[in-house]
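The values are calculated or read from the model by the stated rules, or taken from the named source; none is laboratory data. Please read these numbers as outputs of a predicted model, since none were measured by experiment. Positions of Cβ are generated from backbone atoms using ideal geometry, with glycine treated the same way; all protein chains shown enter the neighbour counts. Ligands, DNA and RNA are stripped out before the accessible areas are found, and what is left, the full protein with its side chains, is counted by its heavy atoms. Shrake-Rupley method; radii C 1.70, N 1.55, O 1.52, S 1.80 Å.
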Amino acid sequence: MKTKQKLLAGLVSVIPLLSMTLAAAPVQAQGYNPVIRGFNVDEVRRIVPGQELNFDVYGTPGGRVVLQIAGANRNLQLTETEPGQYEGTYTVGSRDRISATSAVTANLRVGNQVTSGVLSESLVRGGRYNGPRRGDLASLPRIERFDVRGTEDLRPGNDLDFMLRGTPGAKVDMTIAGTRGVFFLPEVRPGEYEGSYVIRRGDRIATNTPVTANMRINGRVATATLGKPLQLVSTVPQSAPRVVRYCSNCATVEAINVIEVNGEGNYLGTVGGGVVGALLGSQVGDGNGRTAAQIAGALGGAYVGRNIDRANAKQTRHFEVVIRFANGGTQTVQYANDPGMRVGEKVKINDGVLTRDN
């Protein structure tokens, strides 16, 4: 009995340790290293109290970024405005001792993991890098190759994959004209640096946009310019050119004329009146006088007949559609009613009947 009690007591004492071990395991499994892919500052003309310094950091989303500026009295926490994009503004105070060459360090924390990046730009516009002295050229880093795996479309959201090979153990950053910021290429293998840039809204990137890489070791810099287009050239063979066949009955509506007719008899009132007037005139006079009377009677009768027709008959109208063929020829098609077509519309004509060319 005492032995069982001792075993139970031992198990009870071990259970808390087991629970602690099980609880700690998921935290370790979730651990990973965040990455800073870019670090940028909007350079200013000079640093004076009240001057604002705008910073951007690009890296692993869902983290917390804090900047440390040499000579500043406080740190700056950035806000994640878009996934993986952090922004913030530091206002220079009267007690700050910030200069154009002040080092700026960004610390990105995701969970319990932290990574750091150092700004490689000057805070003041036009600031220059102080290169190595003569005699130190042999110790310069060396870039052997700078390449890109382009994309078929340079729209926002697409990736540009960059590769650089050169001196191992260096820090490599990259600038793309038409974008904001300086972006880093981490060393994935000794002397091999790789990184992807995701095209953002607001970027102005074209196929031949200049891209520059800088390799830095102990204050020394080597620079290379990309000599390859960012957009892939399609290797799909183009289809055979389309053969355009001439259409002999295709045309375009050039005009639609509305013809108005007074009287249902199609001018019979006018003609009939003229005949009656001529007959009346033939009964008057001889010779030339008789001929003149016939002419005057015809004209007067036509006038009377026309007025009678206008008074007694309703007005009618018909439509004429003028079409023009590709060879410049025209044709007129008549309609008793509105055909419902428009000038400029494409049509076909078959046996005198117009149809729309869909």
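The figures follow:
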{"item": "Gain in span if fully extended, A100 to R155, counting 0.36 nm per residue against the direct Cα distance", "result": "16.3 nm"}
{"item": "Percentage of interatomic Cα-Cα distances in the stretch 31-131 larger than 19 Å", "result": "40"}
{"item": "Accessible heavy-atom area order of L232, L164, highest first, probe of 1.4 Å", "result": "L232, L164"}
{"item": "Residue order for T355, T105 - accessible surface, 1.4 angstrom probe, largest first", "result": "T355, T105"}
{"item": "Charge context of T252, other residues only, Cβ under 10 angstrom, K/R +1, D/E -1", "result": "-1"}
{"item": "All-pairs Cα distance distribution in the stretch 164-239, expressed in whole percent, bin size 5 Å", "result": "3, 14, 22, 21, 16, 11, 7, 3, 2, 1, 0, 0"}
{"item": "Förster radius 45 Å - calculated FRET efficiency between A206 and R74 (Cβ-Cβ, nearest 0.05)", "result": "0.65"}
{"item": "Charge tally in the Cβ shell below 11 Å around E194, where Lys, Arg are +1 and Asp, Glu are -1, E194 excluded", "result": "-1"}
